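These notes are about the structure you will find just below.
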Amino acid sequence: MICSIYFQILSLVYMLLLMIVVFSKKRLKSIENSLFVSLIFINLTGLILDISSTYLAYVDINNKFLNPLCKVYLVYLICTCLVFTVYVIFVSMINKDALIEIKKRIVKNMLIVITIIFVLLTVIIFLIPLYNISESGIIYTTGPGANLTYAIVGVCTLIWIISLLINYKNIRDKKYLPIFVLIICIIFATILQRINPELLIVTSMCCFIVYIMYFTIENPDVKMLNELNLAKDQAEKANNSKTEFLSSMSHEIRTPLNAIVGLSQVLLEKDLPSDSKEDIEDIVMASDTLLGIVNGILDISKIEANKLEILYTEYHPKKIIDELIVLTKARMGEKSLDFRTYFDSAIPDYLYGDSSRVKQIILNILTNSVKYTKEGFIDFRISVIIKDNICRLIISVEDSGVGIKEEDINKLFKKFERLNEGGTTSIEGTGLGLAITKKLVEMMGGKIFVQSIFGKGSKFTVVLDQKIVNKTFKKEESDYTEVIQSVDFSDKKVLVVDDNTLNLKVAQRLLTTYGMQVDIIESGFGLIEKIEAGEVYDLILLDDMMPKLSGTEALKKLRTSPNFKIPTIAMTANAIEGMREKYLSDGFDDYLAKPIDKKELNRVIIKYLYSK
Ligand code: ADP
């Protein structure tokens, strides 16, 4: 007889099960969640009403409670539609944390308006007639009350669709697409019910919709995960902006530092009283240290932003070792330390790897040994194990310095972590060196170990695998300084382009020491004007990062003219590895990092001005 009642009973069982699941889980206290929970309760009430009214109708169509019960059921349908309307409008609003309070206020006001509408509609439903009809065994409800309910469902559906279409982007971001499916289900059920009033599937369809919502968009686990991801994203964003700030700060610091290093280098070459010379040497040393710190911050920010790349090229390890010895000895200065070295004769002539990073790693542990050893020795060893075409470098630096306490060894590689053993914090440092070193070693697939006895000394060992390049060493080009001194550059004309006047001054000073003619200009536009006016130069040093027209853009414009053949060198404080390759592919002939290194400048000058 009343087969459709089984449908509702089954839906009721499912609804109760869903309630158990929803309430046994930890939920987030969000507006969507509260609206969803109220939808569950409303649906449950609806099912009870539906079952009882259907049952009553089949038992006795003239029962005096049937009509009011059916009217309460219609009120339930209206209530479901209104709450779902608030839900849809809410989820389709922009999902920004800053707007959450405004959204809450809007929802509050909406709920007030909807409650008023609901009360009004309830009164109307109870005032207008509703008929329960039995026709050849089929019982259904009709009349103005039923029609009004259909009309309200229609209006609400329209509101949902408009609201979703207007805010399609927000919905898409939040993966609320299932709502579209739900709306289609509601429209489908309403039309079906209207055509076959005896079907009674609306309540079960509402139950089905609540189910779909639970398994798609309102699942507490998914919500919790989304919320966690959101929090993670925010934390990452905050960390990224800190990293960006650090790297832009370091970049900004490099520019004035460039001036200090460059100008003091120029001064060093002048005939000055010995005490002034000493002062300038101190300035050079201090600015070198500062440059090291800035580079460290740049490195760590790049590592954190996953932007640090290992650049593989062929290199001559013995050259690096020589440079490391010179730098360490210079660092030891007045300290009377016994600097012992041992290098395996089997170290290949050429290896394939990131030479500057390998040098940075070793230099860091060597510098630390010098810093933290007052007297005694420093033992620098490199031994190798060769297997097939791989050379395992075992680099160790042992010292008789202050040593490290056992419990502090784990802290060593954390950034900004400095230990205060034997009052070492008076020694300059940032606590970044070993953090960077460890990251670099790991990025190259190597390992770093520490052994230390507090008060006796430490031993740092780095193990790195590098590919062997089968090539024998040829003596490199002759020393630039000698060539430079013997060449007359007075007929050479160089143009320097930089938006920073201090940088221009430094470059001009450095270049005039070679005896050449130097012109300066402050913008890429000025450069183009000069060249178009027919000025001829033997070399252009062009800064890249200039406002309005960057060096790269200016060069691109110049290169459009086939007559432009002047060698152009990129100059930038953006001294990231890989920049050379980038600038060469952008059309530059060579690359100079700022602060300009005298040796590098010698190389460029010889390469582009000597052969002429
Ligand atoms: P810092 O710039 O402070 O030297 P590092 O990251 O290079 O930063 O080193 C971290 C800390 O590890 C240092 O502050 C120092 O306390 C300790 N340390 C590093 N190398 C040695 C060493 N060879 N002997 C003793 N202590 C060391």
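For the range 536-543, indicate whether the set of residues that are farther than 21 Å from K607 by Cα and of a type outside the set (F, W, Y) is non-empty. Quick ask: steps written out before the conclusion?
To start, the set of residues in the range 536-543 that are farther than 21 Å from K607 by Cα comprises none.
No, every residue in the range 536-543 fails to be farther than 21 Å from K607 by Cα and of a type outside the set (F, W, Y).
Considering only the range 216-227, I want to know if a residue exists there that is closer than 30 Å to V506 by Cα, part of a helix (DSSP H, G or I) and in contact (Cβ under 8 Å) with a residue 24 or more places away in the chain.
Of all residues in the range 216-227, those closer than 30 Å to V506 by Cα come to none.
Checking the range 216-227: not a single residue is closer than 30 Å to V506 by Cα, part of a helix (DSSP H, G or I) and in contact (Cβ under 8 Å) with a residue 24 or more places away in the chain.
Are any residues in the range 228-242 within 22 Å of T216 (Cα to Cα) and either among the polar types (S, T, N, Q) or touching a residue at least 12 places away in the same chain (Cβ under 8 Å) (or both), and if so, which ones?
The one that is within 22 Å of T216 (Cα to Cα) and either among the polar types (S, T, N, Q) or touching a residue at least 12 places away in the same chain (Cβ under 8 Å) (or both): N229.
Listed residues E553, E600; which is charged (D, E, K, R) and modelled with pLDDT under 85? So that I can check it myself, show each step before the final result.
Working: E553 fails: modelled with pLDDT under 85.
None of the other options fit; the residue is E600.
So that you can scan it fast, the table gives a plain yes or no per residue for (1) crowded, with 19+ Cβ neighbours inside 10 Å; (2) more than 15 Å from V202 (Cβ to Cβ); (3) assigned by TED's automatic domain parsing to the domain that holds W160:
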{"position": "I78", "(1), (2), (3)": "yes, no, yes"}
{"position": "K108", "(1), (2), (3)": "no, yes, yes"}
{"position": "T122", "(1), (2), (3)": "no, yes, yes"}
{"position": "N132", "(1), (2), (3)": "yes, yes, yes"}
{"position": "I138", "(1), (2), (3)": "no, yes, yes"}
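What residue, among those in the range 407-449 that are within 11 Å of the ligand (Cβ to nearest atom) and on the phi > 0 side of the Ramachandran plot, is modelled with the highest pLDDT?
This residue is G431.
Under 8 Å between Cβ atoms, at least 6 apart or on separate chains: pull out the pairs that start in the range 433-458 with a residue that is in contact (Cβ under 8 Å) with a residue 40 or more places away in the chain and assigned to a loop (DSSP other than H, G, I, E, B) and end on any residue that is aliphatic (A, V, I, L, M) and within 12 Å of the ligand (Cβ to nearest atom).
F454/V402; F454/I404; G455/V402
Which number in (1) more than 36 Å from the chain's Cα centre (by Cα); (2) surrounded by fewer than 15 Cβ atoms within 10 Å (Cβ to Cβ); (3) without any contact (Cβ under 8 Å) to a residue 40 or more places away in the chain marks the one condition that L527 misses?
The number of the failed condition is (2).
Applying the selection to the range 264-278, what residues are in a helix (DSSP H, G or I) and closer than 20 Å to P595 by Cα?
Here is the first cut: in the range 264-278, the ones in a helix (DSSP H, G or I) are 264-268, 274-278.
Across the range 264-278, the qualifying residues are S264, Q265, V266, L267, L268.
Among residues belonging to the range 532-560 that are surrounded by fewer than 16 Cβ atoms within 10 Å (Cβ to Cβ) and charged (D, E, K, R), point out the one that is farthest from M516 (Cα to Cα).
Restricting attention to the range 532-560, the residues satisfying the condition of being surrounded by fewer than 16 Cβ atoms within 10 Å (Cβ to Cβ) are 532-536, 547-548, 553, 556, 559-560.
This time we only want the ones that are charged (D, E, K, R), so: 532, 535, 548, 553, 556, 559.
Details: E532: 23, E535: 16, K548: 30, E553: 27, K556: 27, R559: 25 Å.
Residue satisfying both the conditions and the ranking: K548.
Listed residues T461, T501; which is surrounded by 14 or more Cβ atoms within 10 Å (Cβ to Cβ) and either within 16 Å of the ligand (Cβ to nearest atom) or modelled with pLDDT under 90 (or both)? Spell out the reasoning first.
Values: T501 fails: surrounded by 14 or more Cβ atoms within 10 Å (Cβ to Cβ).
Of T461, T501, the one residue that is surrounded by 14 or more Cβ atoms within 10 Å (Cβ to Cβ) and either within 16 Å of the ligand (Cβ to nearest atom) or modelled with pLDDT under 90 (or both) is T461.
Scanning for something loosely packed, with under 14 Cβ neighbours inside 10 Å, among the polar types (S, T, N, Q) and outside the structural domain of L440 (by TED's automatic domain parsing), does the range 265-273 turn up at least one residue? Even if it seems obvious, please write down each step before you answer.
Narrowing the range 265-273 to residues loosely packed, with under 14 Cβ neighbours inside 10 Å: 269-273.
Cutting the leftovers down to among the polar types (S, T, N, Q) gives us none.
Checked against the condition, which is being loosely packed, with under 14 Cβ neighbours inside 10 Å, among the polar types (S, T, N, Q) and outside the structural domain of L440 (by TED's automatic domain parsing), the range 265-273 yields no hits at all.
Using the structure shown, decide if K387 is closer than 24 Å to G296 by Cα and either assigned by TED's automatic domain parsing to the domain that holds G455 or of a type in the set (S, T, N, Q) (or both).
Numbers: closer than 24 Å to G296 by Cα: no; either assigned by TED's automatic domain parsing to the domain that holds G455 or of a type in the set (S, T, N, Q) (or both): yes.
So K387 does not fit the description; no.
Return the pair list, or none, for Cβ contacts closer than 9 Å from residues in the range 333-349 that are in contact (Cβ under 8 Å) with a residue 24 or more places away in the chain and under 23 Å from L393 (Cα atoms) to residues that are assigned to a strand (DSSP E or B) and among the aromatic types (F, W, Y), at least 6 apart or on different chains.
Short answer, once both residue conditions are applied: F339/F377; F339/F380; R340/F377; R340/F380; T341/F380; Y342/F380; F343/F380.
Suppose we filter I365, I395, I378 for residues that are crowded, with 19+ Cβ neighbours inside 10 Å, more than 12 Å from the ligand (Cβ to nearest atom) and at pLDDT 90 or above; which single one remains? Don't jump to the end; show me each part of the working.
On the way: I365 fails: more than 12 Å from the ligand (Cβ to nearest atom); I378 fails: more than 12 Å from the ligand (Cβ to nearest atom).
Only one candidate qualifies: I395.
Would you pick out the residues in the range 212-229 that are surrounded by fewer than 17 Cβ atoms within 10 Å (Cβ to Cβ) and among the hydroxyl-bearing types (S, T, Y)?
Across the range 212-229, the qualifying residue is only T216.
Any chance the range 176-186 includes a residue that's outside any helix (DSSP H, G or I), in contact (Cβ under 8 Å) with a residue 60 or more places away in the chain and surrounded by 16 or more Cβ atoms within 10 Å (Cβ to Cβ)?
Taking every residue of the range 176-186 in turn, at least one turns out to be outside any helix (DSSP H, G or I), in contact (Cβ under 8 Å) with a residue 60 or more places away in the chain and surrounded by 16 or more Cβ atoms within 10 Å (Cβ to Cβ).
Does T373 fit the bill of being within 12 Å of the ligand (Cβ to nearest atom), touching an Asp or Glu at 6+ places or on another chain (Cβ under 7 Å) and in the same structural domain as K438 (by TED's automatic domain parsing)? Lay out the reasoning, then the answer.
Working: within 12 Å of the ligand (Cβ to nearest atom): yes; touching an Asp or Glu at 6+ places or on another chain (Cβ under 7 Å): yes; in the same structural domain as K438 (by TED's automatic domain parsing): yes.
It is true that T373 is within 12 Å of the ligand (Cβ to nearest atom), touching an Asp or Glu at 6+ places or on another chain (Cβ under 7 Å) and in the same structural domain as K438 (by TED's automatic domain parsing).
Which one of these is assigned to a helix (DSSP H, G or I), within 25 Å of L511 (Cβ to Cβ) and either in contact with a helix residue (DSSP H, G or I) (Cβ under 7 Å, 6 or more places away or on another chain) or within 16 Å of the ligand (Cβ to nearest atom) (or both): L291, L298? Step through it out loud before you land on a result.
Values: L298 fails: within 25 Å of L511 (Cβ to Cβ).
Answer to the check: L291.
Confirm whether L351 is outside any strand (DSSP E or B) and not polar (S, T, N, Q).
no
A quick yes/no check of all residues on (1) in contact (Cβ under 8 Å) with a residue 12 or more places away in the chain; (2) in contact with a strand residue (DSSP E or B) (Cβ under 7 Å, 6 or more places away or on another chain):
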{"position": "L66", "(1), (2)": "yes, yes"}
{"position": "L77", "(1), (2)": "yes, no"}
{"position": "I89", "(1), (2)": "yes, no"}
{"position": "L111", "(1), (2)": "yes, no"}
{"position": "T115", "(1), (2)": "no, no"}
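The values are calculated or read from the model by the stated rules, or taken from the named source; none is laboratory data. Computed from a predicted structure; not experimentally measured. Glycine gets a Cβ as well: all are built from the backbone with ideal geometry, and neighbour counts include every protein chain shown.
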